[in-house]
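A short worksheet on the structure shown next.
The values are calculated or read from the model by the stated rules, or taken from the named source; none is laboratory data. Since this is a predicted model, take the numbers as computed values, not measurements. No Cβ is skipped: glycine too gets one built from the backbone with ideal geometry, and neighbour counts run over all protein chains shown.
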Number of protein chains: 2
Amino acid sequence: MRRVCDPRSVSRWDEEVDVLVVGLGAAGAAAALTAAGTGADTLVLERASGGGGTSAMSGGVIYLGGGTALQTACGFDDAPEEMFKYLMKSCGPSPDEEKIRLYCDGSVEHYEWLVAQGVPFKPTFYEGTSGEPPTDDGLVWSGSERAYPFCESAVPAPRGHVPRMEHQTGPLLMQKLVAAVESSAARIAVNHRCVALVQEADGRIVGALAESFGATRALRVRRGVILATGGFIHNEAMLEAHAPLVRQCTIRIGAEGDDGSGILLGMAAGGAALHMDAASISLPVTQPWGLKRGILVNAQGQRFINEDAYYGRLGEWALFRHGGRAWLVVDDAVFEKPEYPRELAAVGEDPGAIERELELPPGSLESTLGLYNRHAENGEDPVFHKAPEYLRPLVRPPFGAFDCTVESSIYAAFTLGGLHTDADGRVLDPDGQAIPGLFGAGRTTSGLSVGGYSSGLSLGDGTFFGRRAGRCAAAG
Amino acid sequence: MRRVCDPRSVSRWDEEVDVLVVGLGAAGAAAALTAAGTGADTLVLERASGGGGTSAMSGGVIYLGGGTALQTACGFDDAPEEMFKYLMKSCGPSPDEEKIRLYCDGSVEHYEWLVAQGVPFKPTFYEGTSGEPPTDDGLVWSGSERAYPFCESAVPAPRGHVPRMEHQTGPLLMQKLVAAVESSAARIAVNHRCVALVQEADGRIVGALAESFGATRALRVRRGVILATGGFIHNEAMLEAHAPLVRQCTIRIGAEGDDGSGILLGMAAGGAALHMDAASISLPVTQPWGLKRGILVNAQGQRFINEDAYYGRLGEWALFRHGGRAWLVVDDAVFEKPEYPRELAAVGEDPGAIERELELPPGSLESTLGLYNRHAENGEDPVFHKAPEYLRPLVRPPFGAFDCTVESSIYAAFTLGGLHTDADGRVLDPDGQAIPGLFGAGRTTSGLSVGGYSSGLSLGDGTFFGRRAGRCAAAG
């Protein structure tokens, strides 16, 4: 399969545009709206029969802050600097400081832009749990801001901005963004799949080939192609090569188009990929809040994280560092019905019975509980620094263990690695040089977060840097 | 920087060869010897003033087995199938079964080939420690074969084959291999750096540009270019992008040429890179053997691995899973002088004193030792399955903790990721299609092992698959 072709091999251009956007999810929509808004003749290709992509399957949470109108309306103070400190510490071992700075400084305005596109937010805060609220409230905690170690270095604020709809709000978000694109000067061609980029010998991208119902059309592009086709959670070979452990996850979050096609197009044109091993792994086992009073243990019967960390961080730790072997141990006082129904893998009158049922090393859970309880008596957790409100000795029988293993539990995964781009969405080669005329946005590119995920960062960076890519591509 | 150029931009070919090998380390030497041996006109470029590369800085251990003459002479039985089972389990989450099978089945013959090139091995076994022996003995344990979980699924055998020289034997290995290349029909051009590949529009590699003392020469290549320039441990930008935690390591194993140039050349020509996040991290803190009777604990005062695992596995676990926070705790009975001199980070009459000095959570080490000692009394370690010979309760004061933190200890690192190649060394694109005329070997390619490293696998796969690349490239 040749994903790049020479302009001399194109006998006839079927169409000519200024900016070509590939993929109509959140990132593509933001890019198209912005490019078209500058007056550039903009065409969006979408391989499905309608726009929406993975964004329309998502919870719809958008990670924004720094003092948005919504945060203020809900009574929360926030500052770009606090958001910056949180993201720099939580987004993985090698965070992109320039992008994070821009994202935090531009977040208030970006929220206004979303509102201006017609995305509705109800100015109310949801207290119930973190992540996606079951109500139509607009603001929610969607990260580890209040958990150790982040609470020590940045003032926490809830930053999950959620369109006004109950439960999963991705469909509403995309209904509004696609409608905005439809109302704009940008044109949309559905059932069109981009199969190749047209590249000059000097590296410049000057067009693309698109397939629709068996016919191939050659599109000449004057200013820039923006790849926004999503990640690669549905490409088995890419997962096996780059993120093999993710294949164990039972739930793979992604529309059918998340097969890595945009990443492969970009790489074929000389683009570098970054952090292809990274994935968001949500393990929502400590919802409602009270379940954070339990302890998560691994196959050695050891705790391995502060249980009040956000579920995007829990999942990554459980899968990548502990082989997907985890159980949430509670006592009778702490037990409550989990938000996502699940079986108890073990119930017993004492920790030893739980150990035996889970086949944990003899004495391991007893030892772990002994140390945990000793400190919890004093409202302390010097081992993992869980917040005091979740600390109470687990002593009242019966004890129980919720199954949090990768075989039986919800490990909801999508990929975070992708093309390396600069802050204006330019796709970079392995030397960090831009490939002229080629841009990327959303999960086709490496995310702001490549570790310990906070919900809303993909819709957030996809739309924010999608706009920047649209502006830069349109400038030619 | 353009690493790929069009043949039409080459006005004159300064030289024409069948096979061009880039880099004269172990992989390049093996490739050149094999290509030249088939009668192909072979040229080797080496950017330094002499051959050797990182291989000449290494310990010289070569991981071979399946019943080599050396293993047999030392009284050890081994079988390709047992070696295969060990490597499939120990080489990372997504091992390359085809390559591992070939490597194990061909290992006995490959040992004979090394001997035939003049590499001497003394048929004696070194018992003292694992890894690089201080003696001139030929065979040593160089992996986790006898440790859990590997000992449960494959019959262990020592497989570290070491050229006959005291201490680091890489210089001797490369002296012999370079001499063999010099005696062969292959030509060597030192002080020549490959700066670009010449690629036809259809993807075929047909030449290369080499720089020497300011002048650029165009080399036409009829059959194949073999990239064997080493890894990227000395490329800060690549480390930051792909393996940022490795930057914390104090010792970076690599000749100056390990700056990723071959990987970048291959990627520029459309090659895919694999496992760029992987690195070998040696943490040789449990030498001599007796120190394996101590326990390794992390910043939570928890054990995190069976301490009898090979130091290539210890280092990876300590750095990637525990943030480089580790200490080896011993009691007075187990204390002995470490092979690599190091300070005790803490000494105290009881575990609490050690906790305080290391600032571990109060009670954590005491709890860990309690559980460990309780089982060690019975010669058992149900938590991490350390072998019984290293199990004894740690109870006799004073207690001590050797500093194994990444700041203060030896974390010796080199990269394991690189170009994706098939079993004949063909460089593959992101779709798994070979780039015609382009080959790779050694650490320019993704290693057999990309996790829990056993010493000798890089010299092993570099020479073994270097030979295969040489043969396949010469076949045109």
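Quick notes
- Considering the stretch A:138-154, the residues that are within 16 Å of A:Gly170 (Cβ to Cβ) and of a type outside the set (A, V, I, L, M) include one that is nearest to the chain's Cα centre (by Cα), namely A:Ser142.
- Across the stretch A:240-273, the qualifying residues are those that are over 18 Å from the mean Cα position of the chain (by Cα) and more than 8 Å from chain B (Cβ to nearest Cβ), and the one among them that is nearest to A:Glu46 (Cα to Cα) is A:Ser261.
- Subset tally (residues that are in a strand (DSSP E or B) and more than 19 Å from A:Gly425 (Cα to Cα)) for the stretch A:209-238: 10
- Looking only at residues in the stretch B:413-431 that are surrounded by 19 or more Cβ atoms within 10 Å (Cβ to Cβ) and among the hydrophobic types (A, V, I, L, M, F, W, C), the one that is farthest from B:Ala272 (Cα to Cα) is B:Ala413.
- Across the stretch B:274-302, the qualifying residues are those that are part of a strand (DSSP E or B) and more than 8 Å from chain A (Cβ to nearest Cβ), and the one among them that is nearest to the chain's Cα centre (by Cα) is B:Ser280.
- Some residue of the stretch B:180-196 being in contact with a Lys or Arg (Cβ under 6 Å, 6 or more places away or on another chain), assigned by TED's automatic domain parsing to the domain that holds B:Ser454 and either buried (at least 24 other Cβ atoms within 10 Å of the Cβ) or closer than 17 Å to B:Gly50 by Cβ (or both): yes
- Test: B:Arg374 is of a type outside the set (Phe, Trp, Tyr), in a loop (DSSP other than H, G, I, E, B), out of contact with any Ser or Thr (no Cβ under 7 Å at 6 or more places or on another chain) and over 30 Å from A:Gly451 (Cα atoms): no
- Filter result for B:Ala201 (in contact (Cβ under 8 Å) with a residue 60 or more places away in the chain, surrounded by fewer than 21 Cβ atoms within 10 Å (Cβ to Cβ) and in a strand (DSSP E or B)): no
- The single condition from (1) of a type outside the set (Lys, Arg); (2) farther than 25 Å from B:Ala474 by Cβ; (3) out of contact with any Gly (no Cβ under 8 Å at 6 or more places or on another chain); (4) away from chain A (no Cβ under 14 Å) that B:Ala208 fails is (2).
- The stretch A:424-459, residues that are under 18 Å from the mean Cα position of the chain (by Cα) and under 25 Å from B:Ile263 (Cα atoms): A:Gly425, A:Gly440, A:Arg443, A:Thr444, A:Thr445, A:Ser446, A:Gly447, A:Val450
- Checking B:Arg247 against (1) at pLDDT 95 or above; (2) under 25 Å from B:Leu33 (Cβ atoms), the condition it does not meet: (2)
- Annotation note: Cβ proximity below 7 Å between a residue of the stretch B:208-228 that is surrounded by fewer than 15 Cβ atoms within 10 Å (Cβ to Cβ) and a residue that is of a type in the set (S, T, N, Q) (sequence gap 6+ or interchain) occurs for B:Ser212/B:Asn191; B:Phe213/B:Asn191.
- B:Met267 passes every criterion in (1) outside the structural domain of B:Ala208 (by TED's automatic domain parsing); (2) in contact with a Pro (Cβ under 6 Å, 6 or more places away or on another chain); (3) not acidic (Asp, Glu) apart from (1).
- In the stretch B:324-359, of all residues being touching a residue at least 60 places away in the same chain (Cβ under 8 Å) and within 14 Å of another protein chain (Cβ to nearest Cβ), the one that is surrounded by the fewest Cβ atoms within 10 Å (Cβ to Cβ) corresponds to B:Arg325.
- Filtered residues of the stretch B:124-168 (kept if at pLDDT 95 or above, among the β-branched types (Val, Ile, Thr) and either in the same structural domain as B:Leu291 (by TED's automatic domain parsing) or touching a helix residue (DSSP H, G or I) at 6+ places or on another chain (Cβ under 7 Å) (or both)): B:Val155
- Inside the stretch A:417-433, residues that are within 15 Å of A:Val225 (Cβ to Cβ) and away from chain B (no Cβ under 13 Å) make up a count of 4.
- Among the residues listed as A:Gly442, A:Gly452, A:Gly425, the single one being of a type outside the set (A, V, I, L, M, F, W, C), touching a Gly at 6+ places or on another chain (Cβ under 7 Å) and modelled with pLDDT under 95: A:Gly452
- Unique residue being assigned by TED's automatic domain parsing to the domain that holds A:Val195 and acidic (Asp, Glu) when the list is A:Asp41, A:Asp78, A:Asp105: A:Asp41
- Applying the condition of being within 17 Å of B:Leu319 (Cα to Cα) and surrounded by 21 or more Cβ atoms within 10 Å (Cβ to Cβ) to the stretch B:363-412 and asking which residue is nearest to the chain's Cα centre (by Cα) yields B:Tyr411.
- The set of residues in the stretch B:120-163 that are within 18 Å of B:Asp77 (Cβ to Cβ) and among the polar types (S, T, N, Q) comprises B:Thr124, B:Ser142, B:Ser153.
- Unique residue being in a loop (DSSP other than H, G, I, E, B) and either of a type in the set (A, V, I, L, M) or under 29 Å from A:Pro388 (Cβ atoms) (or both) when the list is A:Pro123, A:Pro134, A:Pro163: A:Pro134
- Within the stretch A:252-276, being surrounded by fewer than 24 Cβ atoms within 10 Å (Cβ to Cβ) and in contact (Cβ under 8 Å) with a residue 40 or more places away in the chain holds for A:Arg252, A:Ile253, A:Gly254, A:Ala255, A:Glu256, A:Gly257, A:Ser261, A:Ala268, A:Leu274.
- Members of the stretch A:360-385 found to be more than 7 Å from every other protein chain (Cβ to nearest Cβ) and closer than 14 Å to A:Val329 by Cα, listed by number: A:Leu360, A:Leu365, A:Glu366, A:Thr368, A:Leu369, A:Tyr372, A:Asn373
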